[in-house]
Amino acid sequence: MIRVVVFDWGDTVMADFGTPGPMARWPEVAAVEGVAVALQAIAERHEIVLATNADSDAGQVREALARVDLDRWFGRIFVSSEIGAAKPSPAFFSMLLDGLQSLPAEIVMVGDSYDNDVRGARAAGLWTVWYDPSGGPAPDDARDHDARIADMNSLPFVLQRLEMWVERSGRRMLGR
């Protein structure tokens with residue numbers, strides 16, 4: 001069973017305008033289109049957390065999320081500067097797994113960075129959903145994602161399909 005859905009932050013949950021400094025202090029912030037509806041749809045069945053390499057602390061991340069009314073959906077926030085390791089390093093994902101007290105096969109990572117979010121999570125044994133709003137061709141070596149979405153509106157359906165597949169295949173033990 002998939003218990004936890006982990007979201008990347010920049011350009012997966014919140015639009016990253018590239019403004020210097022903590023997002024909580026930016027003059028303008030915006031949620032990624034469709035993410036609020038997706039979070040509401042999956043919140044009943046899954047714990048929702050955030051994992052980011054942002055140059056902010058968890059409090060600043062939560063402040064930025066609050067500015068667009070998304071903070072209520074995220075129970076925990078894992079920030080590389082507080083963990084002492086960054087995605088895609090195995091140390092980051094090891095700390096994430098320890099913090100969540102979950103098996104890798106119980107977790108789905110949703111993110112836009114193929115290297116940081118998808119490959120890093122896959123190497124740690126997590127399920128992966130590549131958020132690719134460009135919809136362009138995948139890199140030649142893009143074999144590490146379990147699903148690919150171009151918009152957040154499709155995430156609840158994709159998670160439901162993935163969970164059904166996991167249940168049918170019995171792939172619930174350590175790793176995948």
Hey, does region 3-13 have a residue that's polar (S, T, N, Q) and either in a strand (DSSP E or B) or touching a Gly at 6+ places or on another chain (Cβ under 8 Å) (or both)?
yes
Somewhere in region 73-81, is a residue among the basic types (Lys, Arg) and more than 16 Å from Met109 (Cβ to Cβ)?
no
Filter region 108-150 down to residues that are hydrophobic (A, V, I, L, M, F, W, C), free of Cβ contacts under 8 Å to residues at least 60 places away in the same chain and assigned to a helix (DSSP H, G or I) and give me whichever is surrounded by the most Cβ atoms within 10 Å (Cβ to Cβ).
Val118
Condition check: farther than 25 Å from Arg161 by Cα and without any contact (Cβ under 8 Å) to a residue 60 or more places away in the chain. Does Ala86 satisfy that?
yes
Report, by residue number, each residue of region 79-111 that is touching a Phe, Trp or Tyr at 6+ places or on another chain (Cβ under 8 Å) and over 13 Å from Arg122 (Cα atoms).
Ser80, Ile83, Ala85, Ala86, Met95, Leu96, Gly99
Would you check if Arg168 is outside any strand (DSSP E or B) and surrounded by fewer than 17 Cβ atoms within 10 Å (Cβ to Cβ)?
yes
Selection count where residues are out of contact with any helix residue (DSSP H, G or I) (no Cβ under 8 Å at 6 or more places or on another chain) and in a loop (DSSP other than H, G, I, E, B), scope region 78-102:
2
Whichever residue in region 46-77 is part of a loop (DSSP other than H, G, I, E, B) and modelled with pLDDT of 95 or more and, among such residues, is surrounded by the fewest Cβ atoms within 10 Å (Cβ to Cβ):
Asp69
How many residues does region 89-107 contain that are touching a residue at least 40 places away in the same chain (Cβ under 8 Å), within 15 Å of Ile48 (Cα to Cα) and hydrophobic (A, V, I, L, M, F, W, C)?
3
Pairs under 8 Å by beta carbon, first residue within 20 Å of Pro20 (Cβ to Cβ) in region 56-73, partner of a type in the set (D, E, K, R) and not in a helix (DSSP H, G or I), six or more apart or different chains?
none
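The values are calculated or read from the model by the stated rules, or taken from the named source; none is laboratory data. Please read all numbers here as calculations on a predicted model, not as lab measurements. Because the Cβ atoms are built from the backbone with ideal geometry, glycine has one as well, and the counts that use them run over all protein chains shown.
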